[in-house]
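The values are calculated or read from the model by the stated rules, or taken from the named source; none is laboratory data. Treat the numbers as computed from the prediction; the structure is a model and nothing was measured. Glycine gets a Cβ as well: all are built from the backbone with ideal geometry, and neighbour counts include every protein chain shown. Areas reflect the complete protein model, heavy atoms only, side chains present, ligands, DNA and RNA absent. Shrake-Rupley method; radii C 1.70, N 1.55, O 1.52, S 1.80 Å.
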Amino acid sequence: MRAHFARQIQQVHDDLLRMGSRVEHALIAVNQTLENRDTDLARQVIAGDHEIDAARSAIEEHVLDLIAMQQPVATDLRRLLAMIAIANELERAADYAKSIAKRVIRGVSYDQVVDPPPQLRKMGIIALAMLNTSLDAFVHADPTLARSLAVRDEEVDALEDEVNAQLRDLARRNPSSLDAVLAWLDVAHVLERLADRATNIGERVIFIATNEAEELNA
């Protein structure tokens, strides 16, 4: 019975990593759309979001069934509950990718097209790297690796400040660019929130490994 339960937990673990891989691919695609305004690729990101939603629902249902049938305690229960939380964070990360894709599509229709600041692209690259790090930390149950996300989160926050200042200055100098500026400001905010999702996953990894709650983006 114990061996069967362990296999079931491993299956949830593997399903979660597959979901994470889908989210990473969505973010890679979104970063490409920021670089080249590829609206076809942006539409692919939007279309693929439902698969990630379905994966999250399946993971949650599987975990709840395991809890109901096996009534796990201590470490196993902590791990299962954390995996539900991580699946929810991944789903939200995918929602952010979809949101950015929609803004890229809208952006090409504005009267005045504004190139995204290079810091915005850097935010996207760091946010993707943070998600990758958070999943690596989960795979290896590595709280030290999870804690490293805090420094990267500060980088993203600082870049968002730079993007906001640069774009607002552009809007003041060129009011006709306002629609495009607002869109890129929205993208910057979404990328900052995406980085927060990665730190949230890191916090869950720390909880699984240590049974202690830590805040990485306080």
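Selection over the stretch 90-126 of residues that are closer than 17 Å to Glu35 by Cβ and part of a loop (DSSP other than H, G, I, E, B) gives a count of 6. Determine which single condition Glu215 fails, assuming it passes every other condition in (1) in a helix (DSSP H, G or I); (2) open to solvent by 80 Å² or more (accessible area, probe 1.4 Å). Every condition holds for Glu215 apart from (1). Scanning the stretch 179-201 for residues that are open to solvent by less than 10 Å² (accessible area, probe 1.4 Å) and farther than 22 Å from Arg106 by Cα returns Ala195, Ala198, Thr199, Ile201.
Rundown of residues vs (1) within 30 Å of Ala82 (Cβ to Cβ); (2) without any contact (Cβ under 8 Å) to a residue 12 or more places away in the chain; (3) open to solvent by less than 70 Å² (accessible area, probe 1.4 Å), yes/no style:
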{"site": "Gly107", "(1), (2), (3)": "no, no, yes"}
{"site": "Pro117", "(1), (2), (3)": "no, no, yes"}
{"site": "Leu149", "(1), (2), (3)": "yes, no, yes"}
{"site": "Gln166", "(1), (2), (3)": "no, no, no"}
{"site": "Ser177", "(1), (2), (3)": "no, no, yes"}
{"site": "Glu203", "(1), (2), (3)": "yes, no, yes"}
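Each residue in the stretch 1-41 was checked for being in a helix (DSSP H, G or I), of a type in the set (Lys, Arg) and either touching a Cys at 6+ places or on another chain (Cβ under 6 Å) or under 20 Å from Val190 (Cα atoms) (or both), and 1 of them qualify. Looking only at the stretch 180-198, decide whether some residue is outside any helix (DSSP H, G or I) and of a type outside the set (Val, Ile, Thr). No: the stretch 180-198 contains no residue that is outside any helix (DSSP H, G or I) and of a type outside the set (Val, Ile, Thr).
Give the stretch 42-74 a look and list any residue that's touching a residue at least 60 places away in the same chain (Cβ under 8 Å), in a helix (DSSP H, G or I) and surrounded by fewer than 19 Cβ atoms within 10 Å (Cβ to Cβ), or say none. Matches in the stretch 42-74: Arg43, Gln70.
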